[in-house]
Amino acid sequence: MVRSWNEPPARRVVWIHRADPTVATKAVSTPSSSADFTTTTASAMFPHTMGGGPAVRETVAEVLDALEKAVTGLYPAWLPEAADITGPGGLALPAVRELARRTVRGRRDLAAFLADLAARSLAGGGLRLPHRSVPPETRAEGLAMAFAASFGRPHTVVLATIPEGLSPGREETLVAAAEWLTHRGHLGVCLTGAALTTVDRVPVLSSLQEYGPASPGTSSPAAGAPSTGGSSASPLAGSSMNGSTAFTARGSSSPGASSMGGPPASSAVAGRPHPGSSVEATLERALSAHAWAAGRAWNQTYQPHPLVNPIKVDLIWQAERCVVELDGPDHRRPRKLAGDRLRDERLIEDGYAVIRFTNERVLTDMPSVLRELKRFLRTHRATHKG
């Protein structure tokens with residue numbers, strides 16, 4: 001954990017439970033106000049109200065589009081060597097391209113993106129320039145560097161306001177997009193605004209100043225996220241998401257929220273039943289008595305690609321590619337049923353088998369649940385043997 005904004009939450013997502021007064025007065029989405037806000041922090045803060053789009057890819061693109069608009073408006077602050085080049089005529093465009101390339105020697109992809117960004121910034125609306133196809137990772141890294149450089153800061157942190165009334169699916173999408181921005185985009189993300197009501201893996205802080213304890217100048221990945229594998233002095237040194245498995249921790253213990261709202265006081269821990277679920281605890285006690293139930297893991301998130309919406313699962317046998325879902329009464333509602341059907345279809349398409357039990361059945365008819373689970377696992381162990 002980091003102690004203050006002088007030690008920014010680089011490459012991690014946090015949620016501010018009670019907004020700091022400086023956020024309320026200065027966190028507005030204009031470059032000039034952003035400049036005012038960054039003067040007292042080690043990170044360049046980019047305020048943005050999240051739209052809560054239906055897909056992770058769309059939400060990431062929305063943030064990057066807004067950040068790019070801010071960066072082009074800040075030009076030439078992030079490329080001061082080009083301050084005397086005032087128009088796109090003559091050799092101006094080749095000149096600013098070359099100046100931008102020089103800022104990131106050794107990175108052809110990033111150099112090409114920044115060169116195009118500088119040319120578009122210089123040209124403004126007076127000249128139409130073609131947009132190259134740029135990987136979103138490259139785009140995010142370049143924009144983060146340019147925005148931070150505009151204020152003489154080493155990092156960019158997105159101060160993302162969560163809108164009210166998000167559905168559980170949209171909330172999960174928004175958080176997954178924030179995690180993508182941190183792990184793949186070289187950005188810090190601080191969520192604020194509406195409380196997170198269903199996603200329980202984001203550390204909760206009571207204000208912008210409440211970070212700790214940790215060694216000064218260090219930060220740690222968000223709960224449940226892959227480690228970035230060490231630090232580097234180079235601003236370009238980064239890491240990519242660990243692609244060795246599509247399943248990661250569903251959540252991690254985080255500070256509890258008070259009556260003002262926020263995630264539950266006790267959150268799921270990867271590999272264990274949710275501490276607030278008597279159904280999960282009851283099933284785990286029953287399974288722990290049987291050798292055939294070995295290899296299970298509770299509370300995991302399935303995300304085969306970082307720009308694909310994640311799916312939370314209650315219980316997984318990864319080797320057998322078997323998923324078990326425990327459904328409360330709310331799963332009988334049409335909207336929930338439709339969502340369950342879509343996620344089951346996606347898991348099945350990706351080679352997973354899915355079985356569902358109602359909470360009532362687990363609590364009242366455990367012997368039949370265990371018999372069905374045993375058959376389910378044996379069938380798929382035979383299928384995936386070897």
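Can you say whether residue 58 is modelled with pLDDT of 90 or more, over 21 Å from the mean Cα position of the chain (by Cα) and not hydrophobic (A, V, I, L, M, F, W, C), as far as the supplied structure shows? Considered against the rule, which asks whether it is modelled with pLDDT of 90 or more, over 21 Å from the mean Cα position of the chain (by Cα) and not hydrophobic (A, V, I, L, M, F, W, C), residue 58 comes out as no. Note on the range 343-386: residues that are outside any helix (DSSP H, G or I), farther than 21 Å from residue 328 by Cα and under 28 Å from the mean Cα position of the chain (by Cα) amount to 3. Within the range 124-139, not a single residue is crowded, with 24+ Cβ neighbours inside 10 Å and of a type outside the set (Gly, Ala, Ser). Could you tell me whether the range 185-200 includes any residue that is modelled with pLDDT of 90 or more, within 16 Å of the chain's Cα centre (by Cα) and either in a loop (DSSP other than H, G, I, E, B) or within 23 Å of residue 94 (Cα to Cα) (or both)? Yes. Given the criteria in contact (Cβ under 8 Å) with a residue 24 or more places away in the chain and closer than 21 Å to residue 287 by Cβ, does residue 327 qualify? Here the answer is yes, as residue 327 does meet what is asked. Within the range 276-303, residues that are within 27 Å of residue 351 (Cα to Cα) sit with their Cβ atoms under 6 Å from residues that are of a type in the set (Val, Ile, Thr) and part of a helix (DSSP H, G or I), at 6+ positions apart or across chains, in these pairs: 279/362; 283/362.
Each row is one residue, and each column tells you yes or no for (1) buried (at least 21 other Cβ atoms within 10 Å of the Cβ); (2) within 22 Å of residue 311 (Cα to Cα).
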position: 152; (1), (2): no, no
position: 175; (1), (2): yes, yes
position: 186; (1), (2): yes, no
position: 193; (1), (2): no, no
position: 198; (1), (2): no, yes
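Looking only at the range 325-342, count every residue that is under 25 Å from the mean Cα position of the chain (by Cα) and part of a strand (DSSP E or B) and tell me the total. Total meeting the criteria: 1.
For the range 302-323, the criterion of being closer than 27 Å to residue 176 by Cβ, touching a Phe, Trp or Tyr at 6+ places or on another chain (Cβ under 7 Å) and of a type in the set (Ser, Thr, Tyr) is met by at least one residue. Residues in the range 47-70 include at least one that is hydroxyl-bearing (Ser, Thr, Tyr), part of a helix (DSSP H, G or I) and under 30 Å from residue 171 (Cβ atoms).
The values are calculated or read from the model by the stated rules, or taken from the named source; none is laboratory data. Quick caveat: nothing in here was measured; it's all calculated off a predicted structure. Cβ atoms come from the backbone with ideal geometry, glycine included; neighbour counts cover every protein chain shown.
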